[in-house]
């Protein structure tokens, strides 16, 4: 009697408390650690691509550069400009991190790992990413600086329009699965990854992902040559660090979404599911960084014209054709 | 638990709406409006309408409010507009709107108290599929009408924003 009670309590403890805690904590710290590591990965990989050495002094292969940069960022003076709107100036970097981390709540990493399985998973992601605009808008507005303001305005227009194609390009996947839940979508890809029947959707989603995370070549909000540092010109210390790491967390989220929605999620032969998921995600992240260092930045009007004149018709076409095929079957 | 979260989010919604009215800085007021629409989304979720909750966040908080903030940023309202706003928030300005709102509140309280206590609407989960089937079934006319309205808006925006021809400039 005593024995079974004890055993029940132990299984309860493992299943209801320890496992969820490990799940949430592991995903949270994993994402943050990976985002910070990407700072080094990007500098080092772009350097190798351009026949330079990059940071190679501290630690093996220069990984210690990461720690050095973090310590430096913590010890810098955290300065809020006199002319800034303090309330919004301080809240802006918090929003970017919160939004990037919230998105991971619905991303399933393996059959057993994943924080929550919402039946509106994709819509949750869309809602959360659409809130991410505020961080940059508010940073641009509250800095009371013309470069920051122009950066903020560019972001608002860019993100709001590319969100439309991002959402439309996903509808093909939703129709083929018949569910908004990311777990159902991964399960539906056991035999065939959605990148094959939804190749157009995959391309549109990837391009929109670049625009949403405002990574190069779509980094017009912070175009160095035109706007100094764009929306985060006035930020220093750890507030700047939040924008910096938040951007990489956004890249990790976009890569994880591409893997979940189009590249089969955790499915793959031989290796355990989690290894497949992490490996694919890391490969997509490297792709993001490489593309950013290869392609030149378009002009702003070219970016908007490309969006509304090419991406929108293509994503609508993709949706209509997919709907037609689903209806025929 | 459900009732507790409901009352908590309702409290947040009401508090943030009050802040919207009383802020003198337009951007701060808009941020509180975003908070209120987020709390409305949570209320929809608690009441068993996750699809509407997601749309509330995507459409209102994520798109419409962004455009509001965008426009206000472009207007470059300085301390002068805050002075104007402060002048508008005089107690004498409150009398009319508060009186009218109070009448509405009395009517609302009356209607609610007429309901038998505890007879709630069944809290069933409304799936996205049901929303879609309803929109393109019995409410098809409303969907078509709103799409025509949006089309008219699109055409007029294009008309206003089109590049001027040589002939027009002369």
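The values are calculated or read from the model by the stated rules, or taken from the named source; none is laboratory data. All values derive from a computational prediction rather than experimental measurement. Backbone-built Cβ (ideal geometry, glycine too); neighbour counts: all protein chains shown.
Among the residues here, residue B:74 qualifies as under 29 Å from residue A:160 (Cβ atoms), more than 14 Å from the chain's Cα centre (by Cα), within 14 Å of chain A (Cβ to nearest Cβ) and part of a helix (DSSP H, G or I). Does the stretch A:87-101 include one or more residues that are crowded, with 24+ Cβ neighbours inside 10 Å and closer than 22 Å to residue A:266 by Cβ? The answer is yes; a qualifying residue exists. Residue B:14 fulfils the conditions (1) in contact (Cβ under 8 Å) with a residue 24 or more places away in the chain; (2) more than 8 Å from chain A (Cβ to nearest Cβ) except for a single criterion, (1).
Restricting B:9, B:5, B:22 to those that are away from every other protein chain (no Cβ under 11 Å) and buried (at least 17 other Cβ atoms within 10 Å of the Cβ) reduces the list to B:9. The residues on offer are A:169, A:142, and the sole one that is in contact (Cβ under 8 Å) with a residue 24 or more places away in the chain, in contact with a helix residue (DSSP H, G or I) (Cβ under 7 Å, 6 or more places away or on another chain) and over 30 Å from residue A:326 (Cα atoms) is A:142.
Within the stretch A:112-143, being surrounded by fewer than 24 Cβ atoms within 10 Å (Cβ to Cβ) and more than 10 Å from chain B (Cβ to nearest Cβ) holds for A:112, A:113, A:114, A:115, A:116, A:117.
Looking only at residues that are within 14 Å of chain B (Cβ to nearest Cβ) and touching a residue at least 40 places away in the same chain (Cβ under 8 Å) in the stretch A:100-111, which one is farthest from the chain's Cα centre (by Cα)? Among those residues, the one meeting the criterion is A:106. Residue-level check: of (1) closer than 29 Å to residue A:309 by Cα; (2) more than 14 Å from chain A (Cβ to nearest Cβ); (3) part of a loop (DSSP other than H, G, I, E, B), residue B:137 misses just (1). Within the option set A:74, A:87, being under 30 Å from residue B:26 (Cβ atoms) and modelled with pLDDT under 85 holds for one residue only, A:87. Within the stretch A:247-255, is there a residue that is buried (at least 22 other Cβ atoms within 10 Å of the Cβ) and free of Cβ contacts under 8 Å to residues at least 60 places away in the same chain? Looking through the stretch A:247-255, at least one residue is buried (at least 22 other Cβ atoms within 10 Å of the Cβ) and free of Cβ contacts under 8 Å to residues at least 60 places away in the same chain.
Going by what's in this entry, would residue A:164 be described as without any contact (Cβ under 8 Å) to a residue 40 or more places away in the chain and within 12 Å of chain B (Cβ to nearest Cβ)?
No, not satisfied.
For the stretch B:26-66, the tally of residues that are modelled with pLDDT under 85, more than 7 Å from chain A (Cβ to nearest Cβ) and farther than 20 Å from residue B:7 by Cα stands at 1. Does the stretch A:67-98 hold any residues that are in contact with a helix residue (DSSP H, G or I) (Cβ under 7 Å, 6 or more places away or on another chain) and farther than 27 Å from residue A:148 by Cβ, and which are they? None - no residue of the stretch A:67-98 is in contact with a helix residue (DSSP H, G or I) (Cβ under 7 Å, 6 or more places away or on another chain) and farther than 27 Å from residue A:148 by Cβ, so the list stays empty.
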